[in-house]
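Okay, structure first, notes after.
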């Protein structure tokens with residue numbers, strides 16, 4: 001079972017990678033089946049584990065990840081996670097099927113399905129997480145993946161704005177949640193969910209409890225669009241309808257209420273929790289329902305109705321009674337079914353009529369009778385009409401609202417909010433049904449409305465049948481699921497309950513009847529008193545967000561103008577000044593000598609003659625760089641000399657890996673800077689006043705002295721480091737004699753993975769910034785200003801020779817100086833030389849390598865190399881070892897770190913040449929304007 005949990009979680013991510021690699025020319029049906037395979041297989045695995053979970057077991061699986069930080073890849077499948085996993089996978093299959101018919105031929109289906117599967121995997125990771133830190137990781141991944149989905153139609157401004165708004169609001173909420181989780185770990189002493197749920201009394205008794213509750217609720221309220229953060233959700237309606245249906249029913253917005261249910265035993269049970277959560281939920285419930293009535297866009301109406309229903313669920317968890325929690329979990333299930341079907345019906349209407357504007361629709365029951373019947377039934381379920389699933393959970397909500405134990409004003413507030421929710425819910429449901437399928441119309445459509453293909457209606461029909469089945473036969477259909485989910489939420493405090501359609505004449509039934517009648521009366525009264533089709537309620541939250549964003553950008557623009565003034569010189573000036581000030585703060589006052597430790601340092605060792613020679617050349621080169629900085633080519637040559645002297649210093653200090661790396665870095669950067677000189681004047685602009693020159697000289701001198709003091713102190717400080725331990729453990733534990741490479745790919749492999757990711761991002765940034773200037777092939781960057789007397793055949797021979805050296809350095813890297821980073825730079829050098837000597841056109845004609853894709857492939861290889869160890873129960877990037885016996889060659893020792901190092905190799909090579917290739921295809925243009933400050 002532990003392995004089954006990890007396979008279940010990995011399926012969507014693996015499928016996302018596979019689908020993303022599919023060609024766009026592949027038929028949409030094949031792509032859809034490939035995408036549907038992951039959730040279908042996941043449902044099979046979930047079905048295998050269901051008997052154990054429904055029997056009361058909690059299935060667990062754990063792999064060590066970062067034990068020192070309390071972060072393990074621990075998964076936990078209890079009743080609540082089981083229910084949500086079923087929703088994510090089950091509705092996910094229907095969404096994939098529906099999207100096959102919804103997407104047009106112009107849409108990139110592999111990209112869409114890969115984003116959808118990534119989103120599915122993030123949601124699964126969140127509900128299955130058995131560690132709160134891991135939950136936060138997947139929580140943020142849902143924000144990122146939803147950003148990609150909401151902004152899928154990048155050509156639409158509203159989609160881009162909606163995606164940015166959703167990411168901003170939910171991302172900030174995620175940061176707040178992280179703070180709350182860190183405080184929980186501090187109070188409980190563990191981030192494991194079992195320990196946290198068992199420590200509810202400890203958390204509530206802690207002085208940190210108000211801060212913990214506030215931070216966690218900030219994450220919950222932003223993700224589930226609760227007041228005052230509800231404004232982002234309607235703006236996300238610019239996403240494709242399959243995304244909206246999935247986002248509103250089983251994922252994203254349900255993440256907040258899931259977390260509320262998950263941490264309910266640990267955080268609930270105090271007056272603070274009751275008043276804050278109940279009040280926010282009630283306000284959201286009423287505001288969302290009221291705004292829904294006045295929406296003209298069908299998806300806008302459904303979005304505000306989602307806000308209202310999320311407020312209802314939040315309010316139920318705020319009431320905190322056992323039966324209120326039962327009603328909250330039940331309504332999560334019911335809302336997922338009828339809301340997914342409604343959004344898909346809205347997508348069908350848009351797909352077959354060309355609009356979602358109810359002012360142009362009407363009377364569609366004549367043209368789309370089957371779709372109308374399905375949508376009307378789902379709308380009645382949303383309104384809480386008897387014999388449909390929404391009626392049962394809403395009646396439970398009325399019962400709990402009437403029995404709340406609180407002060408008189410709060411009790412009245414909860415009762416009134418519940419009553420208004422019943423009336424307004426019927427009103428906006430009736431608005432959707434009447435204005436879309438009845439009355440006059442349709443009007444001014446660009447196409448004749450008609451039914452979609454049969455299979456596009458099938459997902460809607462499946463969900464509508466579930467609404468009817470649960471509403472008519474709740475005990476036979478959903479009772480077992482609900483009991484399992486409630487047991488996973490409340491544990492031993494789970495109450496006994498029975499689901500039935502009829503509970504006799506009582507107050508909750510009276511409230512339901514009042515809501516139904518009152519909603520009908522309210523809707524037709526509003527139509528009679530107001531021009532409902534002309535009324536528009538604008539979101540003040542969205543307006544406030546936009547105003548703040550505009551002011552933030554304006555302030556950033558003013559700051560940039562003051563600090564940078566359009567040039568890099570002033571930016572560098574302020575950066576160095578800030579570094580000087582921050583670096584000098586610890587050494588202020590009389591403790592300067594003590595802080596640096598110069599007084600207690602031992603005497604320096606005599607420097608050898610070679611050291612003095614290198615030092616002299618280094619100093620002369622540094623001074624010459626300052627003197628020749630105005631002549632760019634001369635300064636570049638002298639900078640190269642400085643780099644070479646650093647290589648010599650590393651070699652003198654017995655650091656061959658560093659020396660080799662520095663040498664190759666110098667070769668690559670100097671070659672790239674020589675290319676950059678083609679775009680710059682020969683002379684750099686000098687400072688206009690002597691004062692600025694003396695000021696810059698003083699700052700440079702202070703920075704140089706500060707760095708000298710720190711380096712001198714570090715060199716003479718007694719060596720009390722972990723170096724002996726690394727040397728002792730390198731060969732027996734990581735199977736490498738070269739401890740430098742072992743540190744990079746094993747001991748600190750995660751740091752290296754972050755570094756190559758940064759390198760890849762830098763390469764992609766350069767590519768993105770310069771791609772706008774990419775012109776026709778005959779307008780690429782010309783060759784060097786001065787043709788050097790080097791035959792083209794010589795540069796052609798350099799590549800195979802350097803490739804051989806590169807492979808040699810790569811294979812020996814684990815036991816001798818070398819490795820993926822050095823080898824990747826080595827293979828880039830001959831291509832760089834060819835660029836400089838012959839120009840971009842000759843190189844692009846010789847090498848057809850896709851550098852952009854190579855960066856991604858390299859990162860993927862590195863990631864796979866690190867994840868492989870998890871299959872054996874070992875931490876990420878743990879090395880394995882195997883001795884391969886070969887004829888003639890003999891024993892060939894192999895370490896699994898070679899796979900990770902291969903990823904480093906590919907990323908470095910492809911990233912360096914991606915930047916070079918992009919630079920080489922920019923039109924040659926002398927810039928007369930220089931940056932100033």
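Among the residues in region 461-473, are any in the same structural domain as residue 305 (by TED's automatic domain parsing), in contact (Cβ under 8 Å) with a residue 12 or more places away in the chain, farther than 19 Å from residue 340 by Cβ and surrounded by 16 or more Cβ atoms within 10 Å (Cβ to Cβ)? No - not one qualifying residue is present in region 461-473.
What is the number of the single condition among (1) buried (at least 20 other Cβ atoms within 10 Å of the Cβ); (2) more than 29 Å from residue 150 (Cβ to Cβ) that residue 270 does not meet? Failing condition for residue 270: (1). Of all the listed residues (228, 234), the sole one being in a loop (DSSP other than H, G, I, E, B) and on the phi < 0 side of the Ramachandran plot is 228. Of the residues making up region 577-588, none is over 44 Å from the mean Cα position of the chain (by Cα) and modelled with pLDDT under 65. Note on region 718-769: residues that are surrounded by fewer than 15 Cβ atoms within 10 Å (Cβ to Cβ) and over 30 Å from residue 870 (Cα atoms) total 6.
Can you say whether residue 225 is crowded, with 24+ Cβ neighbours inside 10 Å and in contact (Cβ under 8 Å) with a residue 40 or more places away in the chain, as far as the supplied structure shows?
Numbers: crowded, with 24+ Cβ neighbours inside 10 Å: yes; in contact (Cβ under 8 Å) with a residue 40 or more places away in the chain: yes.
Spelling it out, residue 225 is indeed crowded, with 24+ Cβ neighbours inside 10 Å and in contact (Cβ under 8 Å) with a residue 40 or more places away in the chain.
Being at pLDDT 85 or above and surrounded by fewer than 16 Cβ atoms within 10 Å (Cβ to Cβ) narrows it down to one of 864, 786, 855, so name that one. Break it down into steps so the answer makes sense when it comes.
Values: 786 fails: at pLDDT 85 or above; 855 fails: surrounded by fewer than 16 Cβ atoms within 10 Å (Cβ to Cβ).
Step by step, each of 864, 786, 855 is checked, and only 864 is at pLDDT 85 or above and surrounded by fewer than 16 Cβ atoms within 10 Å (Cβ to Cβ).
Here region 32-72 is the region considered, the condition is being under 30 Å from residue 108 (Cα atoms) and within 24 Å of the chain's Cα centre (by Cα), and the residue that is surrounded by the most Cβ atoms within 10 Å (Cβ to Cβ) is 35. Which of the residues spanning region 371-394 are farther than 14 Å from residue 470 by Cα and in contact with a helix residue (DSSP H, G or I) (Cβ under 6 Å, 6 or more places away or on another chain)? Passing the criteria: 371, 372, 374, 375, 376, 379, 383. The residues in region 708-763 that are outside any helix (DSSP H, G or I) and touching a helix residue (DSSP H, G or I) at 6+ places or on another chain (Cβ under 6 Å) can be counted, and the count is 2.
Kindly establish whether residue 335 is at pLDDT below 95 and crowded, with 24+ Cβ neighbours inside 10 Å. The answer is yes for residue 335. Checked against the criterion of being over 35 Å from the mean Cα position of the chain (by Cα), modelled with pLDDT under 80 and outside any helix (DSSP H, G or I), the candidates 877, 884 yield just one match: 884.
Can you confirm whether region 108-122 contains a residue that is surrounded by fewer than 24 Cβ atoms within 10 Å (Cβ to Cβ) and either over 23 Å from the mean Cα position of the chain (by Cα) or under 30 Å from residue 494 (Cα atoms) (or both)? The answer is no; no qualifying residue exists. Among all positions in region 91-100, there is no residue which is buried (at least 16 other Cβ atoms within 10 Å of the Cβ) and either in contact with a strand residue (DSSP E or B) (Cβ under 6 Å, 6 or more places away or on another chain) or under 23 Å from residue 853 (Cβ atoms) (or both).
Every test in (1) surrounded by 17 or more Cβ atoms within 10 Å (Cβ to Cβ); (2) free of Cβ contacts under 8 Å to residues at least 24 places away in the same chain; (3) not in a helix (DSSP H, G or I) is passed by residue 147 save one, and that test is (3).
A single entry from 431, 454 fulfils the requirement of being under 28 Å from residue 358 (Cα atoms) and free of Cβ contacts under 8 Å to residues at least 12 places away in the same chain: 454.
The values are calculated or read from the model by the stated rules, or taken from the named source; none is laboratory data. Since we're looking at a predicted model, the values are computed, not measured. No Cβ is skipped: glycine too gets one built from the backbone with ideal geometry, and neighbour counts run over all protein chains shown.
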